[in-house]
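What follows is a set of notes on a single structure, which appears directly below.
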Amino acid sequence: MTTLVGVIADTHVPQRLKRLPPGIAQAFDGVKLILHCGDINSTQVLDELGRIAPILAVSGNADPPWLGLPRSRLIHVDGCRIGLAHGHGGWRPYLADKVRDRIGGWSQPRYLRYASQAFQGVDVIVTGHTHRPHLRYWGHVLLFNPGSVAPDYYVAAGPTVGVLCIEGGLARAELLPLER
């Protein structure tokens, strides 16, 4: 039996959006759990997603401390070990990445190295932060970023979320576009 886990990141409500875009409930239809990779900005997002399924979230660089979220989590779903983090790696790497972005040198290898080193002994690492969706393997570990729900200044692809399909301890990921 397959277990579905919704994955969402960088909602930025109300910082960049007034509310979550339509289509999230439909995209997450049937999920057992929702993982939020940070940059939530308000409890409104957690409340709305919590009406769809239980939610586990981590803090992003744009989240206020009063949300009380951890920087990372280790989650077990049907024999699959999932590491969940925002992906900015702290303020120094975040600021360095901002400078690189401005001069056109975003470093996917640095970001992937951070993600793979943040968790040991996991099957999947889920992150956000970059607003750039990606799905790839780093060794035997699936690295998945569902992209951004909020408007982004670097990516014109539009809002996306993801779903992890877990069966027998193995996960595969799907990227799902949302309406603008």
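The values are calculated or read from the model by the stated rules, or taken from the named source; none is laboratory data. Since the structure is predicted, the reported quantities are computational estimates derived from the model, not experimental observations. A quick note on method: Cβ atoms are made from the backbone with ideal geometry, for glycine too, and the neighbour counts reach across all protein chains shown.
Residues that are of a type in the set (D, E) and surrounded by fewer than 24 Cβ atoms within 10 Å (Cβ to Cβ) within the stretch 26-45 comprise just one, D29. For first residues located in the stretch 156-180 and on the phi > 0 side of the Ramachandran plot, partners that are part of a strand (DSSP E or B) and of a type outside the set (A, V, I, L, M) and lie 6+ apart or on another chain with Cβ distances below 8 Å form the pairs G158/P177; G169/C80.
Would it be correct to say that I24 is among the β-branched types (V, I, T), under 11 Å from the mean Cα position of the chain (by Cα), within 18 Å of G158 (Cα to Cα) and modelled with pLDDT of 95 or more? In short, no. The numbered conditions (1) assigned to a helix (DSSP H, G or I); (2) within 14 Å of V163 (Cα to Cα) are all true for V45 except (2). Assess whether R136 counts as being surrounded by 15 or more Cβ atoms within 10 Å (Cβ to Cβ) and among the basic types (K, R). Answer is no for this residue. Across the stretch 1-25, the qualifying residues are those that are closer than 12 Å to V149 by Cβ and among the basic types (K, R), and the one among them that is surrounded by the fewest Cβ atoms within 10 Å (Cβ to Cβ) is R19.
Can you work out which of the residues in the stretch 48-73 that are of a type outside the set (K, R), outside any helix (DSSP H, G or I) and exposed (fewer than 14 other Cβ atoms within 10 Å of the Cβ) is modelled with the highest pLDDT? Explain how you work it out, then say what you get.
First, the residues of the stretch 48-73 that are of a type outside the set (K, R): 48-50, 52-70, 72.
Cutting the leftovers down to outside any helix (DSSP H, G or I) gives us 52-64, 68-70, 72.
Of the ones still in play, those that are also exposed (fewer than 14 other Cβ atoms within 10 Å of the Cβ) are 54, 64, 68, 70.
Numbers: P54: 98, P64: 90, G68: 94, P70: 94.
The extreme case among them is P54.
This table checks each residue for (1) of a type in the set (A, V, I, L, M, F, W, C); (2) modelled with pLDDT of 80 or more; (3) under 23 Å from I52 (Cα atoms).
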| residue | (1), (2), (3) |
| --- | --- |
| S107 | no, no, no |
| H134 | no, yes, no |
| H140 | no, yes, no |
| L164 | yes, yes, yes |
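Every listed requirement among (1) modelled with pLDDT under 90; (2) on the phi < 0 side of the Ramachandran plot; (3) buried (at least 20 other Cβ atoms within 10 Å of the Cβ); (4) not charged (D, E, K, R) is met by H129 save one, (2).
Of the residues contained in the stretch 82-90, none is found to be more than 14 Å from the chain's Cα centre (by Cα) and at pLDDT 60 or above.
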